[in-house]
Amino acid sequence: MESLIQNLQRTIRALETLSEQKLPEADQVDELLDQLFQQKIDLVNLSVSSSSPAYQQAVQAMSQAAARVEKAAKEPSRLNEAVPVVFDAVGKLAKLLNHVMP
C-alpha cells in the first residue's frame, strides 16, 4: 500500500508544479488534482490486499503516471502525453476503491 500512496503523492506534487505554470491544460490538471486528492483520502482509510489484481494494476498505473507527470513538470510541452496516463491511473485507482469500499 505504501508504494501506491508514494506514487500517488509524487503525481500530486508534479501536477501541483504544473498547475502553478498557468498552462493551456490547467483545467485538466486541476480536475486531476481534485480526483487524486479525494482518492488519496479514500485510500488512506482502507485496508487493501496488495496481492489483488486491482491493487497491482493501480500501483503500476500510478507509477507510470508519476513518472510521466514528473517529466512533464520539467518539460511542460510533454504534458499532453502525461494527461491520458494520469487519467488511466485515476480510473484504475477508482476501480480498486470501488472494489474494496463498502
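The values are calculated or read from the model by the stated rules, or taken from the named source; none is laboratory data. Just so it is clear, the structure is predicted and the values come from calculations on it, not from any experiment. Note that each Cβ is placed from the backbone with ideal geometry, even for glycine, and that neighbours are counted across all protein chains shown. Heads up: the accessible areas ignore ligands, DNA and RNA and are worked out on the full protein's heavy atoms, side chains in. Shrake-Rupley method; radii C 1.70, N 1.55, O 1.52, S 1.80 Å.
If I filter segment 75-84 down to residues being within 17 Å of the chain's Cα centre (by Cα) and farther than 13 Å from S19 by Cα, which single residue comes out as surrounded by the most Cβ atoms within 10 Å (Cβ to Cβ)? Steps first, please.
Within segment 75-84, the first condition is being within 17 Å of the chain's Cα centre (by Cα), and the residues that meet it are 78-84.
From what's left, farther than 13 Å from S19 by Cα: 78, 80-82, 84.
Working: R78: 14, N80: 13, E81: 13, A82: 28, P84: 12.
Per the criteria, the residue is A82.
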- Query: Out of (1) loosely packed, with under 14 Cβ neighbours inside 10 Å; (2) under 13 Å from L93 (Cβ atoms), the odd one out for S51 is which?
  - Reply: (2)
- Message: Any residue that is buried (at least 16 other Cβ atoms within 10 Å of the Cβ), under 18 Å from Q6 (Cβ atoms), aliphatic (A, V, I, L, M) and in contact (Cβ under 8 Å) with a residue 24 or more places away in the chain - is there at least one of those in segment 19-31?
- Response: no
- Within the group A72, A66, A58, A89, which residue is farther than 20 Å from E20 by Cα and in contact with a Lys or Arg (Cβ under 7 Å, 6 or more places away or on another chain)? A58
- Scan segment 19-29 and give yes if some residue there is closer than 25 Å to K71 by Cβ, in a helix (DSSP H, G or I) and either in contact with a Ser or Thr (Cβ under 7 Å, 6 or more places away or on another chain) or of a type in the set (F, W, Y) (or both), otherwise no. yes
- Message: List pairs: first residue in segment 62-78 and more than 18 Å from K40 (Cα to Cα), second residue surrounded by 15 or more Cβ atoms within 10 Å (Cβ to Cβ) and of a type in the set (S, T, Y) anywhere in the structure, Cβ distance under 8 angstrom, at least six positions apart or on different chains.
- Response: A73/T17
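Looking at this structure, is D88 closer than 16 Å to M101 by Cβ, open to solvent by less than 90 Å² (accessible area, probe 1.4 Å), assigned to a helix (DSSP H, G or I) and among the acidic types (D, E)? First the steps, then the outcome.
Details: closer than 16 Å to M101 by Cβ: no; open to solvent by less than 90 Å² (accessible area, probe 1.4 Å): yes; assigned to a helix (DSSP H, G or I): yes; among the acidic types (D, E): yes.
In short, no.
For (1) over 15 Å from the mean Cα position of the chain (by Cα); (2) within 15 Å of E2 (Cβ to Cβ); (3) among the acidic types (D, E), each residue gets a yes or a no:
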| site | (1), (2), (3) |
| --- | --- |
| L36 | no, no, no |
| K40 | no, yes, no |
| V44 | no, yes, no |
| S47 | yes, yes, no |
